[in-house]
1. Can you give the calculated 222 nm mean residue ellipticity of chain A, where each DSSP H run of n ≥ 4 adds -39,500 (n - 2.57) and the sum is split over every residue, rounded to the nearest 500 deg cm²/dmol?
2. Would you mind checking B:Lys30/B:Lys456; B:Lys311/B:Lys363; B:Lys173/B:Lys310 for any pair whose Cα atoms are more than 22 angstrom apart?
3. Please work out the average accessible area per residue across the stretch A:1-137, using the 1.4 Å probe convention, and give it in Å².
4. List the relative contact order of chain B as a percent without decimals, with contacts defined as Cα pairs under 8 Å and 6+ residues apart.
5. Can you pull out the buried accessible area for chains A and B, both sides counted, probe 1.4 Å, rounded to the nearest 100 Å²?
6. About its Cα centre, what dipole magnitude does the protein assembly as shown give when the only charges are +1 on Lys and Arg Cβ and -1 on Asp and Glu Cβ, stated in debye to the nearest 20?
7. Leaving out ligands and nucleic acids, and using a 1.4 Å probe, what accessible area per residue does chain B come to in Å²?
8. For chain A, treating each Cα as an identical point scatterer without solvent, what Debye log10 I(q)/I(0) comes out at q = 0.07, 0.12 1/Å?
Amino acid sequence: MLEYAWLIPVFPFVAFLLIALLPKRTLWWESGAVYAIAGTLCSLVLSMLVVWSVLNGETLTTDTPKFKWLEVGDFSLEFGVWIDQLTALMLVVVSIVGTLVVVYSGGYMREEGEGRRRYYAEITLFISVMFGLVISDNYLQMFIFWELVGLCSYLLIGFWYEKPSAASAAKRAFIVTRVGDIMFMAGIIILFKYVGSLDFETLFSESAAVAVPTDMMILATALIFGGAIGKSAQFPLHEWLPDAMEGPTTVSALIHAATMVKAGVYLVARSYPLLIHAPESLLFVAVIGGVTAILAATVALAANDIKRVLAYSTISQLGYMILGLGAGGYLVIYANSPGGYAAATFHLMNHAFFKALLFLCAGSVIHAIGTNDMRLMGGLGKKMKITSLTMLIGALAISGIPPFSGFWSKDEVLAAVWHAGEFDSVFFLLWLMGIVTAFMTAFYMFRMWFMTFAGEPRSEYHAHESPRIMTVPLMILAGLAMTSGFVLFIGDGFKGFMESSIEGLLHGAEHESLVDIAAEIFTDPLTYVSLTLAVVGIMLARKIYLTPGFDRSMFSRGFNGKLQRALENRWYISKFYDDFAVKVVYGLSLIADKFDRYVIDGLVNGFAFLGGNTGNFIRRLQDGNVQRYASLILVGICLLLILVLYILPWGG
Amino acid sequence: MLEGVPVLSLTILIPLIGAFITFSLGKYGKYAKYIALAFSVGALLLSLLIAYEFATDPSPSATGYHSDYQFYEEHAWISTLGINYIVGLDGISLPLFVLTTLLCTLSIIFSWDTEKRPKEYFGLMLILEVGVLGVFVSLDYFMFYVFWEVVLIPMYFMIGIWGGPRKDYAAIKFFIYTHVASLALLIAIMAMYFEAGLQTFSMEAIAGVSVDFAKGVQVAIFAAMFFGFGVKLPMVPFHTWLPDAHVEAPTAGSVLLAGLLLKMGGYGIIRVAMTSLPQGADSLSVLMAVMGVVSIIYGAILCLAQTDLKKMVAYSSISHMGFVLLGFATLGEVGIVAGVFQMFAHGLVTAVLFMMCGVVQHKCGTRLIPQLGGLAKRMPIAAAMITIGFLASLGLPGLVSFAAEFMVLYATFAKWSMWVFVPIIAVAITAAYYLWALQKSMFGPMTDKIDTSHLKDVTWYEGVPVAILIVLIAVFGVFPSLIFSKITPAVEILLRLYGGG
């Protein structure tokens, strides 16, 4: 089965070509949605078959079929397919969420008319290159698809390009992530020089790790993580993601919550065999993740745009995964335990489902009342029963309330971080940040839910429940958000499954039984600490946002309002970048332009002025008379010939 | 199939005949474009046939094969001076040779609506084609220099007659600037000729002895050549003729100027300077690298400040040609091959960009970015084309420039280690200026600064050339080995001089 895995990205790509190139009248229903759904369904089926093979213990990581991309002497680059447990996990996420979002789009994008063709073309192209990214068997191929998903993200954020804010957000997203991409590229260039190959198979072997000097390994892994900082919106390159909410909500759900932003997490997980040779980089990874998690959560507390709450929450949750991976690396090195790695990838999957659900619910709300501003909502629960209920499930899942999926994975991540504290006490601090984040997450999620669905309407709107084509995907995702946590206990257990993808790094680790895992979760006092905090967060949100007439002015009064203003201005980070771009970079370019015009060109013109008489003479000759030019050229050639034929030979 | 046929000479001859016919059309000037198109297509087809027949791994006994050159022809010309007519192709010149016939044909199509003095316009274009083709196939210094100078003249007239408001200034600046560079080149050629003392201008014969010149002599001659070719490339600080020339030149003139004339500089460095003077190249490689990196960064920063779409594209050429220089400067296989490939890639991409600037100018009457906005609504095809062009130019994988940029950066790291982080910054700046320009000109609300009521999308003679180029950009982006396989053997031969290959 696995040898056909390369077909997975081909189906959506064919759909893309058909939608982009077919004449208008053959696009049928919804301007091409049929092709998009068919293409993604085919890859869903094939993905599931591949995943099934992987579950049965098959992988494709050695002697993979390859296609030579280019070869210059010893420098050769090949493309291939790599299927292991981590790939399978990503295939599950991309194929399920991708298909559901495309189906949902059939309802959500109905009013777009002509624009739908562009929308479906771009979204199928995105799904195709996203599959390409996850099945890559080397860093260069991954980088190529990495850039292409960035391109699709750019195009889709700017879908409503007439809106200045959308055009600007698209540009920002591309440029900011490109800063990360360049670091990624520099990282793989370093690896390539020392190892001479970018194939995972070669790079992840012990001999490759020896070939790279330690300081270069630290630099290379840190730079590769730089790519993840950009793509997964980690501090300090995270500000593009909230701006990216200018795109259609379906795009936010698919690209900016469930799949593309996970590529960075996937990259870090994929690079584990390298990262464990550079604990310094792992610590860097963990600190960036922890800082991002808490920073983004604070901004989400004060956001009033429903999509921005979700965007900051995505950043925060991505920070969790990155933190988990950083801690997990320490556990692999010092404790031979796959705990953190499994927890972070588990959270990746669960988060993809419940965050896609939350976004699509938000899309359903926006579709119904036409605004993103939660201050104009309220009381929607009565009109939109399915949406409010499914969104409640999503909110419970992300807040970490059992038995919903977020509880299992978030708890595992925090446990791994705590556990890593035994090897470096920084992790205790990071754990503290994580647990505070968990509290804030529960609070802002329920603040959002109460402001949207509970209480009384705060503006005139005519809400209605969304059509079936939109609510069915919501219900499926809600089902996944409720149940995906239990894969922890199915078969070998999720931990055992993921463990096999990094087997080579674990020396003599003992396999934990499912009973042990369950016992660990329920006997650990830390579980109850985070659970209590989550419940307190929800109760607090209920108290503040559901009690009629509750005085919320204390927020604007605290710290003389500075805190609230800072949060509403997103800690001024965005402003700092704007100032940096406009004042420093653009200013520098203006200075360079003046320098070029007056100094460099001035010098040239100065030389020309020295020969002014000659110049004047030539200028008089230059009157546009072609005959005269021709005769002058002839004279010139004759003079040159005389020079060459008769004068120069005596010189030598 | 082509055995015994002087096919390179024929390819040069076809546009030359076409030019004579075009010039002598008299009152039938309106047919000039058909004649020009017919002859340029003829040359294009012949060059494609050559590319098809070109052997990656030729047998030394094959007809027309002579010491690493294929389709070789040699005839005595002025024997008292040792001037011969020698032409031949290898993997370095082949991509540029085909690029020349392609861009000339597409430029002629693009200029389909030229009303002003069409005979001269299309005739000069064909003369230009003759000159550039000649430069890329000449293996004799005298011929090389004659063709080199031939190229200048039609370009001078294209800017001076069909140019914009400041055409006189731009044309004379272009002419004087490149002429001073040619002078340095002439001195260098003469120095090689006399130092070799072989009484021949044959490049190969001179290279056979010039590699053993004293180091000081090599460095001096290399420096003169480097200046001569560098102005053409252009490299900072000898670049200021370029933006002026581009801003004033007609669209087709810009396409040929950026697509082909700049490549002559890069081609000269590798074909002439590096092949003949290995010690000179070795001593000056750091200088080349510094010039390359400065061009890359400085060109990119200047782009950010431009408000004229065409001037921005012109400055971006400086930045991208810097990659060629940097690749060559590494004196390693990957870097040089990538440099040659980058010339080819830049030729395709920059042609798209200048053509699209021409479209914007034509439809909107201005190229000033602050005057534009929201054009995508009314010109969706044009907007898509310009977007693809910009993406290709900023090095998006899957399009042609990426492989070259990646390899140059790799080669730079392999040779100079951490210094790679200087040119790599430009990759981000490049994305910034292109996307900024896209956002302000194509996206956002429709501009009210110009009359947009009659805006139309691209016409066929604008759309077809760009579409062809875009297809090629994608094909060679996905399958770069089609070109790399041709370039690599030639570079390996060159590298024997540098103890590698």
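1. Details: 31 runs with 446 residues, N = 652.
Calculated mean residue ellipticity at 222 nm is -22000 deg cm²/dmol.
2. Numbers: B:Lys30/B:Lys456 25 Å; B:Lys311/B:Lys363 18 Å; B:Lys173/B:Lys310 18 Å.
Long pairs (Cα-Cα over 22 Å): B:Lys30/B:Lys456.
3. On the way: 5270 Å² over 137 residues.
Solvent-accessible surface per residue comes out at 38 Å².
4. Details: 859 pairs, mean separation 71.6, N = 501.
Once divided by the residue count of chain B, the mean separation gives 14 percent.
5. Details: alone 27720 and 17960 Å², together 39910 Å².
Using a 1.4 Å probe, the pair buries roughly 5800 Å².
6. On the way: 67 positive and 77 negative charges, 892 e Å.
About 4280 debye.
7. Details: 15110 Å² over 501 residues.
So chain B comes to 30 Å² accessible per residue, rounded to a whole number.
8. Taken in order of the listed q values, log10 I(q)/I(0) reads -0.49, -1.25.
The values are calculated or read from the model by the stated rules, or taken from the named source; none is laboratory data. In this text, all values refer to a predicted model and were calculated from it rather than measured experimentally. With ideal geometry, Cβ positions are generated from the backbone for all residues, glycine too; neighbour counts draw on all protein chains shown. Just the protein is used for accessible areas: all its heavy atoms, side chains included, with ligands, DNA and RNA removed. Shrake-Rupley method; radii C 1.70, N 1.55, O 1.52, S 1.80 Å.
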